[in-house]
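These notes concern the structure reproduced below.
Nothing in this text is a laboratory measurement; each read-out follows from the coordinates by a stated rule. This structure is a prediction, so every number in the text was calculated from the model and none was measured. We place every Cβ from the backbone using ideal geometry, glycine too, and count neighbours over all the protein chains shown.
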Amino acid sequence: MVAVGDDSVKRAPAPAPLDLVEAFINTADLETASDELATPGGLRTWLLDRRLINSSESVRERDRRQAIRLREALRHAVTANSKAGVDRHTLRELNHLAHDAQLVVSFGEDGAARLNPSVGGVEAGLAQILAAVFVGMLTGRWTRLKRCGNDTCQWAFYDASKNRSGRWCEMADCGNDAKGRAYRARRRVAVGTRSSSH
Ligand SMILES: [Zn+2]
């Protein structure tokens with residue numbers, strides 16, 4: 001695991017399989033108003049790049065809407081990792097999506113148990129993301145996946161800090177507000193005081 005103990009260090013991606021969940025939430029970049037899942041083709045490319053679907057699969061608008069529902073429910077769920085409690089609407093959404101995913105326990109050739117979707121197509125691809133959430137919860141790492149405290153950003157990030165106190169994503173484009181200015185000021189001070197040791 002990459003140690004990120006200092007707030008001024010750019011964050012490393014979440015460890016697998018939570019990196020999948022993190023990347024999925026971050027398909028929407030609210031600050032630049034871009035969305036990798038804006039079209040069914042975009043969703044197809046994203047799922048194909050991660051081998052979550054076969055190249056023979058087609059992606060429909062209905063699938064895309066399902067993906068967006070999952071993404072926004074997960075964004076709410078990781079927001080709860082910074083604050084307290086998951087709201088009822090998010091729980092309902094996640095339960096609904098988990099039901100559709102039909103995840104079942106199966107054993108691979110190595111004898112290890114896995115959660116696999118019993119459906120096919122795009123639903124199976126999205127189900128893998130839910131399975132990653134489940135594994136992340138079992139390993140105790142899930143609560144480190146957080147939503148950036150900057151409301152105009154909302155980027156998902158992995159808080160590897162010792163005391164789990166991270167609040168912001170620290171991406172370069174997260175900062176067109178007071179928090180960003182405060183962060184940059186802090187960083188300038190930090191860089192200034194350390195300049196002799198680097
Ligand atoms: Zn941010």
(request) Enumerate the amide H contacts of W168 below 5 Å, restricted to partners 5 or more residues apart or on another chain; note that Pro and chain-start residues carry no placed amide H. (result) G149
(message) Using just the Cα positions, wrap the stretch 84-127 in a convex hull and report its mean projected area in square nanometres, one decimal place.
(response) 4.2
(message) What are the ³J(HN,Hα) couplings of the stretch 100-113, residue after residue, when phi is run through the Karplus curve with 6.51, -1.76, 1.60 and θ = phi - 60°? Round to Hz, x for glycine and proline.
(response) 5, 6, 6, 6, 10, 7, 9, 10, x, 5, 7, x, 7, 7
(message) For a quick check: sort M137, M171 by the number of other beta carbons within 10 angstrom, fewest at the front.
(response) M137, M171
(message) Quick query: amide H of A14 versus all other amide H atoms, modeled in the peptide plane; which residues come in under 5 Å with a sequence gap of 5 or more or a different chain?
(response) Y158
(request) Would you mind listing how long the stretch 18-197 runs along its three principal axes, going by Cα atoms, in whole Å with the largest first? (result) 56, 36, 35
